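Data first, discussion second: the structure below is written as structure tokens.
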Amino acid sequence: MQYIDLMKIKFEKVLKKEAPVILAIESSCDETAASVIAGEKILSDVVASQIDIHKRFGGVVPEIASRNHAVTIPNIVEEAMSKAGKTLEEIDLIAVTYGAGLQGALLIGVSFAKALSYAAQIPLVAINHIRGHIAVNYLIYPEIEFPYLCLVVSGGNSAIIYVKNHTEFEILGETQDDACGECFDKVARVLGLPYPGGPEIEKIAQKGNANIVFPSPAYDSTSINFSFSGLKTAVINYIHKNKQNAKEVNVNDVAASFQEVVFSGIVENLTKCYKIKKVNGIVLSGGVASNLALREKIREAFEKENVKVYYPPLKYCTDNAVMIAGETYALIKNRSISIEDLDLDVNANLDLGELRINEKA
Ligand code: KG4
């Protein structure tokens, strides 16, 4: 029997299982990650971060990221299986991130997943990374009710999304230029802080005063979009101007002022969204959502409105494979997923709204 025909038969059985065992693989940027879940139960979560490798370049170098994924991925998958106490015979489904992200980095995960699927004869599915950031919350907080607002703030995305259900989304506002995390990283670099800049800025901001005025990323009171590039330029200009005038720059104050204007802008736009769409909950996701000052600001703004705010544990804010497994399980429950053949390709610019339904499989 042809590979794909056998996979179709196996996949139909997986869809009927109460708690399918899913092996998820993520390699879209600089984290090589694998996880095994059984239904809603997280059995393992392994992440190999390349941060130390990219630190000296001040950001992720795509070619170096791909090469390191290629070296690391077999061990990471093996470790995830062993920590979960599962053999390949016990895995029902392989799920892999196919976009959005760095083309070469994605290719390593997708190629590995295809090879493993073929060799072990396990059905393969392709998962959208941004949806994974949202869906990890379903494993942690099964009580989340639709519809809700999701704030996605990461190194590649900044958006406020009205989530109607597992497969229907409406982007209410999004960045018109840089992503929020990207802005943190760039500002950190001009402040002389290492990559990734977000946690470093958070640390020194605690020692500073928010006494410098920078332009808000919620730049237009009539829209819900963000712009981070003007803010980034304003911070760079502030530092250069002071240096030219031989004035000392208090980096703690710059970090505190920058963080304050970013988070006030986010809360301002979230508040606008909440006025338009009265939802029961707000869900946070993405690397910047691990910032405790942002969490506090959102809590302050929405607790009085009796809106339930869901904060993913810090380790699930940044890239991991549990989020890919979580999205897979959510799609299985909704019967909104199809298997892939071995011609699966990556899509570096995949949109949040794109759900991969493979017509051929
Ligand atoms: O979600 P993530 O790991 O990668 C993407 O999918 O993009 O997010 C990484 C981004 C980086 O830009 C990093 O600086 C930022 O999240 N970040 C933070 C914090 N921790 C990570 N930004 C602000 N405060 C933090 N504590």
Exposure-ranked with fewest Cβ neighbours within 10 Å first, T87, T32 stand as T87, T32
Two pseudo-spin positions, 7 Å from Cα along C-beta at F146 and at E78, lie apart in nanometres by 4.1
Residue-ordered couplings for the stretch 195-208, obtained by feeding phi - 60° into the Karplus form 6.51 cos²θ - 1.76 cosθ + 1.60 and rounding to whole Hz (Gly and Pro as x), are 7, x, x, x, x, 5, 5, 4, 4, 6, 4, 5, 9, x
Expressed to two decimals, the chain has a Cα Rg over Rh, using the Kirkwood radius, of 1.00
In whole angstrom, largest first, the equivalent ellipsoid semi-axes that the Cα gyration tensor gives for the stretch 7-133 are 26, 14, 13
Projected onto the charge dipole of the chain (unit charges on the beta-carbon of Lys, Arg, Asp and Glu, signs +1, +1, -1, -1), the Cα from I276, A19, C150 with the largest positive-side position is that of I276
In degrees, nearest 10, the alpha-carbon axis of helix 3-16 is tilted away from the dominant principal axis of the alpha carbons of the chain by 70
Rounded to one decimal in Å, the inverse mean reciprocal Cα-Cα distance for the stretch 167-277, i.e. its Kirkwood radius, is 14.6
DSSP beta bridges in the chain: the antiparallel percent, rounded to 5, is 60
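Sort T271, T175 so that the residue with the fewest other Cβ atoms within 10 Å of its own Cβ comes first and the one with the most comes last. Mind dumping the intermediate values first?
On the way: T271 15, T175 19.
Least crowded to most crowded, the residues run T271, T175.
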For the D341, T222 Cβ pair and Förster radius 51 Å, calculated FRET efficiency rounded to 0.05 is 0.65
A chain fully extended from N280 to E303 at 0.36 nm per residue, minus the present Cα-Cα distance, gains in nm 7.1 nm
Taking 0.36 nm per residue of separation between E170 and F57 and subtracting their Cα-Cα distance, the length gained on full extension comes to 37.0 nm
Taking the chain and counting helices only, DSSP H stretches of n ≥ 4 at -39,500 (n - 2.57) each over all residues, the nearest-500 ellipticity at 222 nm comes to -14000 deg cm²/dmol
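Since every read-out is calculated from the coordinates, none of them should be taken as a lab result. Remember, it's a predicted structure, so these values are computed and weren't measured experimentally. Here Cβ is always computed from backbone atoms with ideal geometry, including for glycine, and neighbour counts include all displayed protein chains.
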